[in-house]
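First comes the structure, then the notes that go with it.
Throughout, read-outs are computed from the coordinates displayed, never taken from laboratory work. A quick note: this is a predicted structure, and the numbers were derived from the prediction, not measured. Neighbour counts run over all protein chains shown; Cβ positions are idealised from the backbone, glycine included.
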Amino acid sequence: MATRVRPGNKRCAVIGGSGFLGRHLVEKLLDRGYSVSVFDIRQSYELPGVVFHMGDLCDKQALLTALKDVSLVFHCASPFPGSDDRALFERVNIQGTQTVILACIEAGVQKLVLTSSASVVYEGTDIKNGREDLPYAKKPIDYYTATKIQQEKLVLEACDQQKGFLTVAIRPHGIFGPRDPQLVPILVDTARRGKMKFIIGDGSNLVDFTFVENVVHGHILAAETLKSNSPICGKPYHITNDEPVRFWDFMSEVLVGLGYAAPRYHLPYALVYGLALLLWLLTLVLRPFVSFKPTFTPMRVALAGTHHYYSCERAKEDMGYKPVVSLKEGIARTVQSYPHLRRGA
Ligand SMILES: NC(=O)C1=CN([C@@H]2O[C@H](COP(=O)(O)OP(=O)(O)OC[C@H]3O[C@@H](n4cnc5c(N)ncnc54)[C@H](O)[C@@H]3O)[C@@H](O)[C@H]2O)C=CC1
Ligand SMILES: CC(C)=CCC[C@@H](C)[C@H]1CC[C@H]2C3=C(CC[C@]12C)[C@@]1(C)CCC(=O)C[C@@H]1CC3
């Protein structure tokens, strides 16, 4: 039974609010006068004004408790993208998201903002200034992407203006910033192991890296624009820094900022991709006997050696989106935030 919450209610919930993006989102929502409930399988911090609900998003009863009197829900929970646990991705991203939708409807939530990913259209080959009307990837590069596609479809199809349940999906790309557990730590780990000497391909491929505060800004704009008859209902939106950069220039700037050498020697893309593919096949064959995780997976090589950048014109037109932090400033703030990852630290 839906309990309708009063209009103007600034109580929201962030599912996945203990994570990298989730926590930045929670902090900004508090600044903007929202009261926030976090729903997550773990509690990673404490903040005045935030109520934590520990639980798995596949558990509808646990969600219903956290969504009581909430009018707006952000869903930014996901298993770690680097995992190859297909069952986990399907359970959390597909069945779990279906449960989130049912719980939102039952709790009388009016708006659901999903954190999707621009990678839902990426198949490992060049995308230049891709718009939201590109078809979903027919051959997604991994289970993470395959289940992000299903998740986005579920959320957008659930948008129902008659019933007063409005949904929108934000598709960020390459999120970076303070406290990111992935991009900078993987990069530094690779450099410390002496494996960041090579540039895959000619180094001219352009990619979007998006400072976390811009992603947060896109989510809040979407939530506040999402109203009955708004053009954004049931649609996906790319949110990027709107400054595509050479993948290897970005990596070099972060590395040099932290005191490591920039990669210098070029290797042909096809050669590295072929080797990564062989290595991946080898790990599959040897899996019953030994388990090892190669740095150079075919997916990572594709991410490092192809163009993949996206237009955010639609977000500019429909919700007045404009990045709030430039790439240069974002990189400087990120580098500064990782003193423990500096060379020699
Ligand atoms: N980091 C990136 O570059 C990009 C991330 N995204 C999307 O942004 C969202 C947030 O990503 P990050 O903050 O980077 O990840 P993260 O791993 O830091 O945060 C995800 C959070 O979800 C929680 N979670 C996982 N399974 C759960 C479950 N069953 N029930 C409740 N909570 C659960 C985790 O405990 C974690 O706190 C994800 O949906 C991801 O797909 C999209 C594009 C790029
Ligand atoms: C733009 C985008 C989708 C970024 C997502 C984050 C990660 C997928 C990247 C973060 C660090 C990157 C990285 C590589 C691939 C892509 C990342 C994991 C390499 C493994 C590519 C091959 C190398 O020479 C080493 C790189 C280390 C850093």
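Note on the chain: with a GNM built from Cα contacts shorter than 10 Å, the maximum mean-square fluctuation among Arg193, Arg131, Arg32 falls on Arg193.
Between Val290, Val50, Val36, the Gaussian network model of the chain with springs among Cα atoms under 10 angstrom shows the greatest mean-square fluctuation at Val290. Kirkwood radius for the stretch 162-314, taken over all pairs of different Cα atoms as the inverse mean of 1/r, rounds to 17.8 Å.
Taking only the Cα atoms of the stretch 1-109, the radius of gyration and Dmax are 13.6, 43 Å.
Kirkwood hydrodynamic radius, computed over distinct alpha-carbon pairs, for the stretch 218-301: how many Å, to one decimal? Intermediate results must be reported in sequence, preceding the final value.
Working: mean 1/r = 0.0576 Å⁻¹.
It is 17.4 Å.
The spread of Cα positions in the stretch 106-229, taken along each principal axis and listed from longest to shortest, comes to 57, 33, 24 Å.
Just so you know, the Rg over Rh for the stretch 126-198 is 1.11, from Cα atoms, with Rh as the Kirkwood radius. Within the chain, all pairs of alpha-carbon atoms sorted by distance into 10 Å bins from zero give the percentages 5, 24, 34, 24, 10, 2, 0. Taken along the Cα-to-beta-carbon direction at a fixed 7 Å, the label points for Ala262 and Ser35 span 5.1 nm.
Between Glu317 and Leu102, the modelled label-to-label distance comes to 3.8 nm, taking each label 7 Å out from Cα in the direction of the beta carbon.
Expressed in nm², what is the orientationally averaged projection area of the convex hull enclosing the Cα positions of the stretch 239-345?
For the stretch 239-345, the mean projected area of the Cα convex hull comes to 9.8 nm².
Summarising the strand pairing of the chain, around 10 percent of its internal DSSP beta bridges are antiparallel. Can you tell me the orientation of helix 269-286 relative to the chain, as the angle in degrees between its alpha-carbon axis and the longest Cα principal axis, to the nearest 10? Approximately 70 degrees, to the nearest 10.
Compared with the dominant Cα axis of the chain, that is its longest principal axis, helix 97-107 is turned about 20°.
Here each label is just a point 7 Å from Cα along the line to Cβ, and for Asp160 and Val324 those points are 3.4 nm apart.
On full extension of the chain, what length is gained from Arg342 through Lys68, given 0.36 nm per residue of separation minus the C-alpha to C-alpha distance? Let's see the in-between values first.
Values: separation 274, 0.36 × 274 = 98.64 nm, distance 4.42 nm.
That pair, Arg342 and Lys68, stretches by 94.2 nm at full extension.
On the beta carbon distance between Lys60 and Leu284, with R0 = 45 Å, the FRET formula returns roughly 0.80.
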